[in-house]
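The values are calculated or read from the model by the stated rules, or taken from the named source; none is laboratory data. It should be emphasised that the depicted structure is a prediction, and the values quoted were computed from it without experimental measurement. Note: ideal-geometry Cβ built from the backbone for every residue, glycine included; neighbour counts use all protein chains shown.
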Amino acid sequence: MKAKFVLFIAAGLFIASCGSEPEVKKLEPCDCVDLYKGEDQVQKTACDDARKVEAFDEQFRRCMAAAITGRNPEEVNMVKDDEISLTPPADGVYKLDTKGSNVQWKGSKVIGSSHTGLLSFAGGKLSFTDGKLVSGDFSVDMTTLTDTDLPTEERGKLEGHLKSADFFDVENHPTASFQIKSVESVDHKAEFQGTLNIKGKEKVVTGNAVLASTGTNGAVISGTLIFDRTDFDVRYGSSKFFDVVGDKVISDEIMITFKVKALQQN
């Protein structure tokens, strides 16, 4: 009797397992970055189909840029309205499109909250030779500094403080600039060094970027750089210069995520 009982249980488990479908993992945009590298054509086709949905494709391109630059996908500032080809732009000089370009900034306390915001470019240009980025000059309008994470009633107070002499002293230094000095690139991935000028102080900083083309005469660079604000006499809340502790300490590092869109000059 015991043997029959055990056999009955085993048979029941077998039937139950046959009747249940295996759990299928939902395809995520970032999955496709690795799947496209593989040999499984079925999986690649599944990604092709998924990317027909605009929101999925936008996040996929963000994931691809993040994988190339080594950043978190949410930190990548991609162009939404362009058909992007991850191929080097044609050789020539490109004038920055100030309306299609911007800078995202992120600052945080060592313990606790962080803030994010935007800045607009005042102008700039890029140069490509032999399919590689060789130089670039950009100016940023510091008067456009805005916060994007606070409620409206709190936003103005933070923006006013950041523009004050405690931080970026925008009244006396309305423009910041960046000049690319050297670039090392492989395909559409680039690491660059350049001179950052804020509040009249200069410092060489390093960043990375994805180079892409839009149409026959457009270029897009999306990338990230991190700088130490105290190198530019922005000392408020820094533990290097003030006796502050805990959640009163503001991190010295500011992360910049930029999107530069430019058009080739005739």
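Across the stretch 149-198, the number of residues qualifying as at pLDDT 95 or above, part of a strand (DSSP E or B) and in contact with a helix residue (DSSP H, G or I) (Cβ under 7 Å, 6 or more places away or on another chain) comes to 1.
Condition check ((1) exposed (fewer than 15 other Cβ atoms within 10 Å of the Cβ); (2) within 24 Å of the chain's Cα centre (by Cα); (3) on the phi < 0 side of the Ramachandran plot) across all residues:
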site: Asp166; (1), (2), (3): yes, no, yes
site: Asp169; (1), (2), (3): no, no, no
site: His173; (1), (2), (3): no, no, yes
site: Thr224; (1), (2), (3): no, yes, yes
site: Arg229; (1), (2), (3): no, yes, yes
site: Asn266; (1), (2), (3): yes, no, yes
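If you check Ala262, Ala209 for being of a type outside the set (Phe, Trp, Tyr) and more than 23 Å from Gly107 (Cβ to Cβ), only one passes: Ala262. Any residue at all in the stretch 48-70 that's modelled with pLDDT under 75, out of contact with any Lys or Arg (no Cβ under 9 Å at 6 or more places or on another chain), assigned to a loop (DSSP other than H, G, I, E, B) and surrounded by 11 or more Cβ atoms within 10 Å (Cβ to Cβ)? There is no residue in the stretch 48-70 that is modelled with pLDDT under 75, out of contact with any Lys or Arg (no Cβ under 9 Å at 6 or more places or on another chain), assigned to a loop (DSSP other than H, G, I, E, B) and surrounded by 11 or more Cβ atoms within 10 Å (Cβ to Cβ).
Inside the stretch 35-53, residues that are of a type outside the set (S, T, N, Q) and over 25 Å from the mean Cα position of the chain (by Cα) make up a count of 7.
Only residues that are in a strand (DSSP E or B), at pLDDT 90 or above and either buried (at least 18 other Cβ atoms within 10 Å of the Cβ) or within 18 Å of the chain's Cα centre (by Cα) (or both) were counted in the stretch 92-116, giving 10. What about Phe138, is it over 17 Å from the mean Cα position of the chain (by Cα) and assigned to a strand (DSSP E or B)? Considered against the rule, which asks whether it is over 17 Å from the mean Cα position of the chain (by Cα) and assigned to a strand (DSSP E or B), Phe138 comes out as yes. Inspect the stretch 231-242 for any residue being of a type in the set (Gly, Ala, Ser), surrounded by 19 or more Cβ atoms within 10 Å (Cβ to Cβ) and under 23 Å from Lys99 (Cβ atoms) and give the result as yes or no. No, the stretch 231-242 contains no residue that is of a type in the set (Gly, Ala, Ser), surrounded by 19 or more Cβ atoms within 10 Å (Cβ to Cβ) and under 23 Å from Lys99 (Cβ atoms).
Can you find even one residue in the stretch 78-89 that is in the same structural domain as Val183 (by TED's automatic domain parsing), outside any helix (DSSP H, G or I), under 28 Å from Phe128 (Cα atoms) and modelled with pLDDT of 80 or more? Yes, the stretch 78-89 has at least one match.
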